[in-house]
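Undergrad: My structure is below; once you've seen it, I'll send some questions.
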Amino acid sequence: MAEALKPTLADKASVLEGLPEHPALNAILAWDPVALEDARFDRNELTLAIAADRIRQACATLQAAGYNFFEDMTAVDWYPAVPRFQLSYHLLSLGYKERIRLRAMVDEAHPTVESITPVWAGANYYEREVFDLFGISFQGHPDMRRIMMPDDWVGHPLRKDYPVEGYR
Amino acid sequence: MVQLAGMPTLEPAEGARDQHMVINMGPQHPATHGVLRLVLEIDGEIIVRVYPEIGYLHTGIEKTCEAKFYQQVVPLTDRINYLDPLSNNLCYALAVEKLLNLEVPAKAQWMRVLMAELSRLNSHLIWLGTHAMDIGALTVFLYTFREREEILRLFEDIAGQRMMTSYIRIGGLSLEPPLDFLPRVRAFISTLPEKIDEYSNLLTGNPIFRNRLKGVGYLSAADAIALGVTGPPLRASGIDFDLRRDMPYSGYEKFQFHVPISNDCDCWARYEVRLIEMRESVKIIQQALDGMPEGPVKADAPKIVLPDREKMKTQMEALIHHFKIVTEGFEVPAGEVFQGIEAGHGQTGYYVVSDGTAKPYRVHMRYPSFPTLQALETMCKGRMIADLVAVIGSIDIVLGEIDR
């Protein structure tokens, strides 16, 4: 907070121009520039929008590029927008001491994404949590079951069309 | 074979049905530190598989946050990790301040560091007492809770509440510290190093304690990173990483402290790392007391920070702002931020998404116990059931932050 905030770079072109030496950007561009749908640099945080069907490979690429620590993963429900769900992955580099965010958009009609558990085993509980609370399932996950709610629960509580007080 | 009603049945692996047994540990078990249920597949006394079943304490705090104003979320954060409340307050406040691009005054930052370190000491003291008690060293519990009581009295003095402090607010602190507070902290801190020596005298040379911890619960550095383990267990696996030093927040870059690491990767290493961390926290508090700047403890942002009581009763403007904040909240510019801090148990992170209204669109908490629990099986496979108890104690989990 004390540090001065760098200006916001709102689209892919300005991010690529504004952060020419960024290791995460370079790694993604070297791997597949098409998979990088958009980029944003806001409040000193870099967000890379990745095509949802390439997310596992993007994570593996970034892991090899030094972003070796999977910190967090969750979803945001933008109901009634289409595509509805935003998946946010936070990766940390213990070497660069820097964090980046990957974003992948998933549609309600086909809420399935590749699991990143082959890349980081630690994503296991996080993906189960998203499955439980948002109803997005992950292909290749070793144990895709509810984690917080009872197994026979109906609905996904963190969806925006699920009432805060629950169904009575 | 235990039949688990409504729960996944964990069957022994094919070909091992005559030898292996599945047993249930918890959710009401004194050694699981809360409502954690573990399903164990055992071969005699040896653990083959550990299956944590969580969610017993799930209260949907993330969903509740979406229905509250930004400032109303602060008390919810206390209740997630009830052993380290000020770190939660701090992390949430930092995240929202980042969204607002709001800078808090120097005194508030230093007080935040001081309170976060007291909170870390509180968390570590409970860990040490309960961990030793799990191992069978009942005495230490009484000693650590003696000091913990003093910390809780300090919390009560400054925030009016012993555990659910809600002291760190968006834009600063809720109140000026009382006049006797800093001298009381100084008096407490001056005696703490010898108290830590006392715990160390009770445990470090104790052959039973040593044998129960040394070589138990091995977690390699590669596994720790792959499983997302953070905090003292990560540093005890030889990874030199601490957000306070490496990605400083709230003015931590102005403090000198040493980050302890160990390459032993076992429960003993975690014990040693935490004990040194407690001594380092004392040093940080000492520096915070010595260099405490003068000035206000709230940012000059009348539309966000509640006015002082005095002003509210004498100035029309302040009264209006107070009314507006309480009834309508304050609007936060759209965007998303992730703020990580080093809490007592490891890296805590708040991911806050704003859509430009007065209520957060989404608040997600990354709490360190959640991924650390995943590492339990790696640490316990092939060991005795009694070692499991030692490992659960050494990773220091809080079920409130796992289930949220």
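Rule-based calculations on the coordinates, nothing more; no lab input. Bear in mind the structure is a predicted one, so any value in this text is a computation, not a measurement. Cβ placement follows ideal geometry from the backbone for every residue including glycine, while neighbour counts extend to all protein chains displayed.
Undergrad: Gaussian network model of chain B, Cα springs within a sub-10 Å range: biggest mean-square fluctuation belongs to which of B:ALA343, B:ALA106, B:ALA67?
TA: B:ALA67
Undergrad: Let me ask you something else. Each residue of region B:296-307 in turn: what ³J(HN,Hα) in whole Hz from Karplus with 6.51, -1.76, 1.60 and θ = phi - 60°, glycine and Pro shown as x?
TA: After applying 6.51 cos²θ - 1.76 cosθ + 1.60, I find x, 10, 10, 5, 7, 9, x, 7, 10, 9, 4, x Hz.
Undergrad: Using the alpha-carbon atoms, what tilt in degrees (0 to 90, nearest 10) does helix B:267-290 show relative to the longest principal axis of chain B?
TA: It is inclined by approximately 10 degrees.
Undergrad: Modelling each spin label as a point 7 Å along the Cα-to-Cβ direction, I'd like the B:LEU175/B:ASP157 distance in nm, to one decimal.
TA: Label at B:LEU175, label at B:ASP157, 1.3 nm between them.
Undergrad: Starting from region A:51-136, pick out the trypsin sites (Lys or Arg not before Pro) whose DSSP state is loop and whose Cβ has at most 11 other Cβ atoms within 10 Å. If you can, show how the numbers build up before the last one.
TA: Working: sites: A:ARG54, A:ARG56, A:ARG84, A:LYS97, A:ARG99, A:ARG101, A:ARG103, A:ARG128; in loops: A:ARG84, A:LYS97.
Of the trypsin sites (Lys or Arg not before Pro), not one in the loops of region A:51-136 has a Cβ with at most 11 other Cβ atoms within 10 Å.
Undergrad: Write down the Kirkwood hydrodynamic radius of region B:319-374, to one decimal in angstroms, obtained as one divided by the mean of 1/r over all alpha carbon pairs. Walk me through the intermediate numbers first.
TA: Numbers: mean 1/r = 0.0761 Å⁻¹.
It is 13.1 Å.
Undergrad: Collect residues whose amide H, placed 1.01 Å from N in the peptide plane, falls under 5 Å from the amide H of A:ASP38; neighbours closer than 5 in sequence don't count.
TA: A:ALA49
Undergrad: Provide a whole-number value for the mean count of partner chain Cβ atoms within 10 Å of the Cβ atoms in peptide B:242-252. Could you put the intermediate results ahead of the total?
TA: On the way: counts 0, 2, 0, 1, 5, 4, 3, 3, 2, 2, 0.
Partner-chain Cβ atoms within 10 Å, mean over residues of B:242-252: 2.
Undergrad: So if a site counts as exposed when it's one of the GluC sites (Glu not before Pro), its DSSP state isn't H, G, I, E or B, and it has at most 13 other Cβ atoms within 10 Å, what's the longest stretch of chain A without one?
TA: Numbers: sites that count: A:GLU3, A:GLU21, A:GLU165.
It works out to A:22-164.
Undergrad: Calculate how many DSSP beta bridges within chain A are antiparallel, expressed in % of all such bridges and rounded to the nearest 5. Present the calculation step by step, with values, prior to reporting the outcome.
TA: Working: 24 of 31 bridges.
Antiparallel bridges make up about 75 percent of those DSSP assigns within chain A.
Undergrad: Which of B:THR77, B:THR165, B:THR230 has the fewest other C-beta atoms within 10 Å, and how do the rest follow up to the most?
TA: Numbers: B:THR77 26, B:THR165 23, B:THR230 31.
Listing B:THR77, B:THR165, B:THR230 from fewest to most nearby Cβ atoms yields B:THR165, B:THR77, B:THR230.
Undergrad: Along the charge dipole of the protein assembly as shown, Cβ charges K/R +1 and D/E -1, which of A:ALA39, B:PRO260, B:VAL48 sits furthest on the positive end?
TA: Value: B:PRO260.
Undergrad: Once phi is turned into ³J(HN,Hα) by the Karplus curve 6.51 cos²θ - 1.76 cosθ + 1.60 with θ = phi - 60°, what whole-Hz value does each residue of region B:233-245 show in order, with x for glycine and proline?
TA: x, 5, 5, 6, 9, x, 9, 8, 9, 9, 4, 4, 8
Undergrad: How big is D for region B:171-289, in µm² s⁻¹ as a whole number, if Stokes-Einstein is applied with the Kirkwood radius of its Cα pairs at 10 °C and 1.306 mPa s?
TA: 98 µm²/s
Undergrad: State the extension gain, in nm to one decimal, for the chain segment bounded by B:MET316 and B:GLN28, taking 0.36 nm per residue of separation less the distance between their alpha-carbons. The partial results should precede the final answer.
TA: On the way: separation 288, 0.36 × 288 = 103.68 nm, distance 5.47 nm.
Gain in length upon complete extension: 98.2 nm.
Undergrad: Taking beta carbons within 10 Å but only from partner chains, what does the mean come to for residues B:50-59?
TA: Details: counts 0, 1, 2, 1, 5, 8, 1, 1, 8, 1.
Partner Cβ neighbours, averaged per residue: 3.
Undergrad: Only Cα pairs within less than 10 Å get springs; with that Gaussian network setup on chain B, which residue of B:GLU176, B:GLU277, B:GLU117 has the largest fluctuation?
TA: Highest fluctuation of the listed residues: B:GLU176.
Undergrad: If you build the Cα gyration tensor of region B:107-225 and take the root of 5 times each eigenvalue, what three semi-axes come out, in whole angstrom, biggest first? Spell out each step's value before the answer.
TA: Details: eigenvalues 202, 67, 28 Å².
Semi-axis lengths for region B:107-225 are 32, 18, 12 Å.
Undergrad: Read phi for every residue in region A:80-92 and hand back ³J(HN,Hα) as whole Hz from Karplus 6.51 cos²θ - 1.76 cosθ + 1.60, θ = phi - 60°, with x for Gly and Pro.
TA: Running phi through 6.51 cos²θ - 1.76 cosθ + 1.60 with θ = phi - 60° gives x, 5, 10, x, 7, 9, 10, 9, 10, 10, 10, 10, 10 Hz.
Undergrad: Another question, if that's okay. From the residues B:ALA95, B:PHE209, B:MET133, which one has its Cα farthest along the dipole of chain B in the positive direction, the dipole being from +1 and -1 charges on Cβ of Lys/Arg and Asp/Glu about the Cα centre?
TA: Toward the positive end, the furthest listed residue is B:ALA95.
Undergrad: I would also like to ask the following. With charges set only on the Cβ (+1 for Lys and Arg, -1 for Asp and Glu), what does the dipole of region A:12-106 come to about its Cα centre, in debye to the nearest 20? All intermediate terms of the calculation are to be shown ahead of the outcome.
TA: Numbers: 10 positive and 12 negative charges, 23 e Å.
Computed about the Cα centre, the dipole is about 120 debye.
Undergrad: Using the basic label-point model (7 angstrom from Cα toward the beta carbon), what is the A:ARG145 to B:ARG210 distance in nanometres?
TA: Calculated label separation equals 4.3 nm.
Undergrad: Given +1 on the Cβ of Lys and Arg, -1 on the Cβ of Asp and Glu, and no further charges, what dipole in debye does region B:33-168 carry about its Cα centre, rounded to the nearest 20?
TA: On the way: 13 positive and 17 negative charges, 79 e Å.
Computed charge dipole of region B:33-168: roughly 380 debye.
Undergrad: What average number of partner chain Cβ atoms lie no more than 10 Å from the Cβ of the residues making up A:119-125? Could the numbers behind the result be given before it?
TA: Numbers: counts 1, 5, 8, 12, 5, 4, 9.
Going residue by residue through A:119-125 and averaging, the value is 6.
Undergrad: Can you compute the modelled spin-label distance between B:ALA334 and B:ASN201, with each label point 7 Å from Cα toward Cβ, in nm?
TA: Using points 7 Å along Cα→Cβ, the separation is 6.4 nm.
Undergrad: Could I ask something else about it? Given N residues in region B:299-404, what is Rg(Cα) / (2.2 N^0.38 Å)? Walk me through the numbers on the way to the answer.
TA: Numbers: Rg = 21.5 Å, N = 106, 2.2 N^0.38 = 12.9 Å.
Output field value: 1.66.
Undergrad: If you don't mind, there's one more thing I want to ask. Calculate I(q)/I(0) for the protein assembly as shown by the Debye formula, one identical point scatterer on each C-alpha and no solvent, and give its log10 at q = 0.06 Å⁻¹ to two decimals.
TA: -0.30
Undergrad: Calculate, in nm to one decimal, what A:TYR96 and A:SER14 gain on full extension: separation in residues at 0.36 nm each, minus their alpha carbon distance. Mind showing how you got there, number by number?
TA: Working: separation 82, 0.36 × 82 = 29.52 nm, distance 2.24 nm.
My answer for the length gained is 27.3 nm.
Undergrad: Here is a follow-up. Taking Cα atoms, how many degrees apart are the long axis of helix A:55-64 and the longest axis of chain A, rounded to 10 and kept between 0 and 90?
TA: Tilt relative to chain A: about 40 degrees.
Undergrad: At 25 °C and 0.890 mPa s, what whole-number value in µm²/s does Stokes-Einstein give for the translational diffusion of region A:12-106, with Rh from the Kirkwood sum over Cα pairs? Intermediate results must be reported in sequence, preceding the final value.
TA: Numbers: Rh = 13.4 Å.
Stokes-Einstein gives a translational diffusion coefficient of 183 µm²/s.
Undergrad: Hey, with R₀ at 35 Å, roughly what FRET efficiency would A:ASP38 and A:TYR167 work out to, going by the Cβ-Cβ distance, to 0.05? Write down the numbers at each step before the final one.
TA: Working: r = 36 Å, r/R0 = 1.04.
With a Förster radius of 35 Å, E is 0.45.
Undergrad: If one computes the Cα centroid of region A:136-153 and of region B:295-349, what distance in Å separates the two points?
TA: Each part reduced to its Cα centre gives a spacing of 38 Å.
Undergrad: With unit charges on the beta carbon (Lys/Arg positive, Asp/Glu negative), name the residue among B:GLY295, B:ALA116, B:GLN161 whose Cα is farthest towards the positive pole of the charge dipole of chain B.
TA: Value: B:GLY295.
Undergrad: While we're looking at this one, here's another question. Can you pull the three principal axis extents for the Cα set of region A:85-133, in Å, largest first?
TA: Dimensions of region A:85-133 along the principal axes of its Cα atoms: 39, 19, 18 Å.
Undergrad: Restricting to DSSP loop positions (anything but H, G, I, E, B) with no more than 13 other Cβ atoms inside 10 Å of their own Cβ, which chymotrypsin sites (Phe, Trp or Tyr not before Pro) remain in region A:75-128?
TA: Details: sites: A:TRP78, A:PHE85, A:TYR89, A:TYR96, A:TRP120, A:TYR125, A:TYR126; in loops: A:TRP78, A:TYR96, A:TRP120.
Qualifying residues, ordered by number: none.
Undergrad: Please list, by residue number, everything in region B:266-288 whose backbone N is under 11 Å from a paramagnetic label point 7 Å out along Cα→Cβ of B:THR139.
TA: none
Undergrad: Could you work out the mean projected area of the convex hull around the alpha carbons of chain B, in square nanometres to one decimal?
TA: 20.6 nm²
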